[in-house]
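Read the structure below first, then the notes.
The values are calculated or read from the model by the stated rules, or taken from the named source; none is laboratory data. Worth saying up front: this structure is predicted, and the values here are computed from it rather than measured. Heads up, the Cβs are rebuilt from the backbone with ideal geometry, glycines too, and the neighbour counts pull from every protein chain shown.
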Amino acid sequence: MSEGMIIFGAWIAAALTLFLFSFLYKDNPFFKIAEHLFIGAGMGWYFQTIFYKIMIPKIWEPLHSGDPFKIFMVVIPALLGLSLITQFIPKISWISRYGFTFMMGYSAGMAIPVGLATDFMNQILGTIEPFANFFALSGWQMFNALAIAIGTICVLFYFFFSVEHKGAGKKVSNLGIYFLMIYFGASFGNTVMARFSLLYGRFDTLVNYSSAKYFYATSWILVGLTLYFVAEKLITSAKRETAE
Amino acid sequence: MKLFKKYIPLTIVFLFGIVSLASYYVPNKLSEDYLEVMNAWENIVSAFGFFLGLISLFYAHYMKIKKKVDGWGYSLFVYIGFLLMVVPAIISKGTQLNPDASLTWLGWAFRYLYNPLSATMFSILAFYIISTAYRSFRIKSLQAFVLFAAAFVLILGRIPVGQMIWDSILGFTKVTAGEAIDWIIGVPSTAGKRGIMIGVAIGAVVTSLKIIFGIERQYMGKD
Amino acid sequence: MKETIQKLLKIDRRYLFLLLTLSILIPILKPLGLPNKSISRDVKNIYNFMEGLPEGSTIICSIDYDPSTAPELHPQATAIIKHAFKKNIKVIVLTFIPGSTGLIDQLFEKLPAEYGKKYGEDYVVLPYMANIVAVITQLNSNLYSIYEKDKDNKDLKSLPMMKKINNYKDIKGVINITGTAILDYWVAYVGDKFGVPVMGGVTAISQVGYGPYLQKGQLKGLIGGMKGAAEYETLIKEPGKGTSGIDALNVAHLLVLALIIMSNLIMFFFK
C-alpha cells in the first residue's frame, strides 16, 4: 500500500473517530452515518473471516477433494448448518431444529462436567484446601483462609435461602452482602480504568494523526465539525426568528 | 409429521447430550474419536450460526429502506459498511498482509475503517462512566460505603500518582497500594465472586440437564 | 449560595465530558513521566513462568480481542510476545474472535524483525476458528485434525517448528489474552481437564472476577488491563504503550474520585 493510501487512511480513521465522538455534543448526521457504517463493517468483517477461514478451507475444499470420507464429514455438518437458515421461512422453520438440537445437545453435554468440575467442585476445594494444613499457615494466611470461607458461605446463604431472613440467618446473609459489595466496588474501580484506557487509546491515535506527517488530519476535521455545528446553530436560530 | 418436527429433534438433543457428557468421564479411544468428529462438525455448524444474525440485520434495514421510515437513508450505510469490508476481502483473497508485510486492501480496510469505528464506539462509554460517577454514585448506607471504599482503593492505587499519595499518608503501615489491591481482589472480593460462581454453576448444570432431557425447549421455537 | 451549589449537581453533563477529555488529552501531550512502581503478584507469576521455561519450548498464545478492547490488551500481547522472543520461546497463535485477526497481523508486523525471529521457525499464526470448545478439546488429541493449514493456507505440518508438536503434551502452557469469556473456557476445558498451565491477560473489567480461579490455582497468573500491561513492561524492561497509557490516566482517575466525593458532599451538606 502506497504512502498516499496510508495518509488517506489516517484521514478516514480520524474522521470516523471524530464523527462518533461528536455524538457527545449532540446527535447529528455524521454520527449516524458512522454508527451505521460500524454495524455494516462489523458484519462485513465477520463475514469475510468466516468465508475465507471456514467456508473455503473447511467446507468448499473438502467437498471438492474427491475423497468420499472427507465429503461425508462435511456434508452432514453443512446440512445441519444450512438447516439453521430455514428459521426465516415460517413454513419450514421446524427444519432449523435439527441444527439447533445438535448444537444444544453437544454444548449442554460438554457444559455439565466442566461446570461441575471448574465452577463448583474446584471452588469448594479452593475454599477448604487451606484448612488441610491450617496450623502450618501464618496468622495472616489463616485470617485470609477464614475470610474466604466465611465470605463464600455467607454469599451462598444470601442467594439460596430465599426465605425471609430473620435472626442469625439475617446476620449471615447481611455479612454476605458486604462481601458482594466489595466485589462490586472492586469491579467498578477497575471498570473506570478499563473505560479510560479505551479512551486513551483513541485520543492517542487522534494525537498521532494530528501530526504534520498526516497533514494535520485530526485538526482539520475537528475544525470542519465545529464549523458544521456553528452553522447548524445559526441556521436553526435564523429559522426560529423568521417563524416568530 | 410430529415425528419429524418434535420427536427426532428431541432425540438428537438427548443422544448428543448424553454421549458428549459421557465422553468426559469415559476417556478411551472410542470417546476420543467421537469427540474428534463432533468437534469438527460443531466448528462448521457454528459458522453457519453467524448467517442468522447477518440475515436478520440485512432484513431489518431492508424493511426500513422499503418503508422509508424516518432516517431510512442511514440504513444504506449498513450495506455500504458491509461492502467496504467484503469487496477488499475479495480483491485481497482474505489476506491482510502481502508477502513483503505491506498492507493489502483488506488490511487497509481493517486498520482505517473497522478498527477506528469499533474502538471509538466502545471508548464512548468512558464518558458515561464519568457522568454516572458524578450523578448517581450516592453513599447513603454502610453497604454503599463499603462498595465505595473498595472502588476508591482500586481507582487510586492503579495510578502512579495514587501510589505516591497512598505512600505519603499510609506509608507507616508498610502496606503498599498494590498489596492492598491484591488483597481486596484476592480475599474478600474472591469470596463474593465465588459465591456467585457456585450459584451460577448449579444453575447452568440444571439448565443443561433440562435441555438434554427436553424439558427446556424454548430454543426450538413454537410448534 | 445553597441553590448555586445544588445546581452544580445538575450541571450539563457535557461539561463533565469536556473535563474528562482534557484530563486524558493533556497528559498525552505533556506526559507526567511517573514510573509504575507496583507489580502485582499475578503478573509476576506469568513473568516467572516464562523465565522458568527452557529455551526452545513452545507455548500457545490465544489472542482473542478486537479493536474495542485493544488499547488495554494489545500492550499486554506485545509484552508477552516480546518476552517469548527474548527467551527464545516458540509461540503458536490461535484466535476465536474474527476481529482479532487484523490485530494479530499488526502485532507481528515489526516484532519478529526486531528480535531476529522467523515465521514458521519461532512463531506460527493459525487461522480463526468458530467454536472454541470444539477446537480446544480437540487440541488434546491431534492438532492437525482441526488445523491442517496456517492462516496463509500453508501446510502446517511442513513448518519447521511444528515438527515435534502434536497436542497439549508438547505445549508448556497457554496464555490467553482476551476481552471476552474465552479465558473461562481455557481454564475449564484445558487447565482443569488436561492439566495444562493456563494464564490470562484480560481487561480490567473482568480481572476482578478471576479471583476464585487464581486462589485455587486454576489460573497460574493474570495480567489485568492497562496497569497489568505496564507491570509486565516494567518486568521485561521494555516500556511501551501500557506504561505511557497508565501515565496518561493519572489525572482522569483523580478526577473521578474528586467528582464522586464532591457530589456526595453536596448531597450531604446541602440537601
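Only residues that are surrounded by fewer than 19 Cβ atoms within 10 Å (Cβ to Cβ), over 23 Å from B:L76 (Cα atoms) and not hydrophobic (A, V, I, L, M, F, W, C): list them for the range A:1-59, please. Of everything in the range A:1-59, those that are surrounded by fewer than 19 Cβ atoms within 10 Å (Cβ to Cβ), over 23 Å from B:L76 (Cα atoms) and not hydrophobic (A, V, I, L, M, F, W, C) turn out to be A:S2, A:E3, A:G4, A:Y25, A:P57.
Do we have any residue at all in the range B:185-197 that's loosely packed, with under 14 Cβ neighbours inside 10 Å, assigned to a helix (DSSP H, G or I), under 23 Å from the mean Cα position of the chain (by Cα) and at the interface with chain A (Cβ under 8 Å from one of its Cβ atoms)? No, the conditions are met nowhere in the range B:185-197. Sub-6 Å Cβ pairs linking a first residue in the range B:159-172 that is on the phi < 0 side of the Ramachandran plot to a second residue that is among the small types (G, A, S) and in a helix (DSSP H, G or I), at least 6 apart or interchain, are B:Q163/B:A177; B:W166/B:A177, ordered by first then second residue.
Kindly check whether there is at least one residue in the range C:105-125 that is of a type in the set (S, T, N, Q) and more than 22 Å from the chain's Cα centre (by Cα). No, there is no match, as no residue in the range C:105-125 is of a type in the set (S, T, N, Q) and more than 22 Å from the chain's Cα centre (by Cα).
Total residues in the range A:1-19 satisfying the condition of being at the interface with chain B (Cβ under 7 Å from one of its Cβ atoms) and out of contact with any helix residue (DSSP H, G or I) (no Cβ under 6 Å at 6 or more places or on another chain): the figure is 1. What is the number of the single condition among (1) buried (at least 17 other Cβ atoms within 10 Å of the Cβ); (2) of a type outside the set (A, V, I, L, M); (3) not in a helix (DSSP H, G or I) that B:S20 does not meet? Going through the list (1) buried (at least 17 other Cβ atoms within 10 Å of the Cβ); (2) of a type outside the set (A, V, I, L, M); (3) not in a helix (DSSP H, G or I), B:S20 breaks only (3).
B:S168 - would you say it is of a type in the set (S, T, Y), part of a helix (DSSP H, G or I) and more than 10 Å from chain A (Cβ to nearest Cβ)? Show your work before the answer.
Values: of a type in the set (S, T, Y): yes; part of a helix (DSSP H, G or I): yes; more than 10 Å from chain A (Cβ to nearest Cβ): yes.
Against the criterion (of a type in the set (S, T, Y), part of a helix (DSSP H, G or I) and more than 10 Å from chain A (Cβ to nearest Cβ)), B:S168 qualifies.
Considering each residue of the range C:116-133 in turn, at least one proves to be part of a helix (DSSP H, G or I), within 9 Å of chain B (Cβ to nearest Cβ) and out of contact with any Gly (no Cβ under 7 Å at 6 or more places or on another chain). Per this entry, C:K227 is not counted among residues that are surrounded by fewer than 21 Cβ atoms within 10 Å (Cβ to Cβ), touching a helix residue (DSSP H, G or I) at 6+ places or on another chain (Cβ under 9 Å) and of a type in the set (D, E, K, R).
So that you can scan it fast, the table gives a plain yes or no per residue for (1) under 24 Å from A:F31 (Cβ atoms); (2) touching a Pro at 6+ places or on another chain (Cβ under 6 Å); (3) modelled with pLDDT of 95 or more:
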{"residue": "B:V87", "(1), (2), (3)": "no, no, yes"}
{"residue": "B:K93", "(1), (2), (3)": "no, no, no"}
{"residue": "B:L106", "(1), (2), (3)": "no, yes, yes"}
{"residue": "B:F110", "(1), (2), (3)": "yes, no, yes"}
{"residue": "B:N115", "(1), (2), (3)": "yes, yes, yes"}
{"residue": "B:M121", "(1), (2), (3)": "yes, no, yes"}
{"residue": "B:A126", "(1), (2), (3)": "yes, no, yes"}
{"residue": "B:K140", "(1), (2), (3)": "no, no, no"}
{"residue": "B:F148", "(1), (2), (3)": "no, no, yes"}
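I'd like the residue in the range A:157-198 that is outside any helix (DSSP H, G or I) and not basic (K, R) and, out of all such residues, is modelled with the highest pLDDT. Here the residue is A:F161. Test A:W60 against the stated conditions and say whether it is part of a helix (DSSP H, G or I), within 26 Å of C:T21 (Cβ to Cβ) and more than 7 Å from every other protein chain (Cβ to nearest Cβ). The answer is no for A:W60. Those helices (runs of 4 or more DSSP H) of the range C:176-254 in which at least 2 residues are within 7 Å of another protein chain (Cβ to nearest Cβ), closer than 29 Å to A:A147 by Cα and not aromatic (F, W, Y), considering only elements entirely within it, cover C:204-207, C:211-216, C:225-235. Only one of the listed residues (C:P31, C:P75, C:P71, C:P67) is touching a helix residue (DSSP H, G or I) at 6+ places or on another chain (Cβ under 6 Å), within 14 Å of another protein chain (Cβ to nearest Cβ) and free of Cβ contacts under 8 Å to residues at least 40 places away in the same chain. That residue is C:P67. When you check A:L199 against the structure, is it under 33 Å from the mean Cα position of the chain (by Cα), away from chain C (no Cβ under 14 Å) and either over 30 Å from C:P212 (Cα atoms) or buried (at least 16 other Cβ atoms within 10 Å of the Cβ) (or both), yes or no? Judged against the criteria, A:L199 is not a match. Within the range C:84-115, the set of residues being in a loop (DSSP other than H, G, I, E, B) and either at pLDDT below 95 or buried (at least 18 other Cβ atoms within 10 Å of the Cβ) (or both) comprises C:I89, C:T95, C:F96, C:I97, C:P98, C:G99. Of the listed requirements (1) touching a residue at least 24 places away in the same chain (Cβ under 8 Å); (2) not in a loop (DSSP other than H, G, I, E, B), B:Q143 misses just one: (1). Pairs linking a residue in the range C:38-50 that is over 11 Å from C:K227 (Cβ atoms) to a residue that is in a helix (DSSP H, G or I) and of a type in the set (V, I, T), with Cβ atoms under 9 Å and 6 or more positions apart or on different chains, are C:D42/B:I185; C:I46/C:I80; C:M50/C:I80.
Against the conditions (1) of a type outside the set (S, T, Y); (2) surrounded by fewer than 21 Cβ atoms within 10 Å (Cβ to Cβ); (3) in a helix (DSSP H, G or I), where does C:D152 fall short? Just the number, please. That leaves (3) as the condition not met. Looking only at residues that are polar (S, T, N, Q) and more than 10 Å from every other protein chain (Cβ to nearest Cβ) in the range C:1-28, which one is surrounded by the most Cβ atoms within 10 Å (Cβ to Cβ)? Here the residue is C:Q6.
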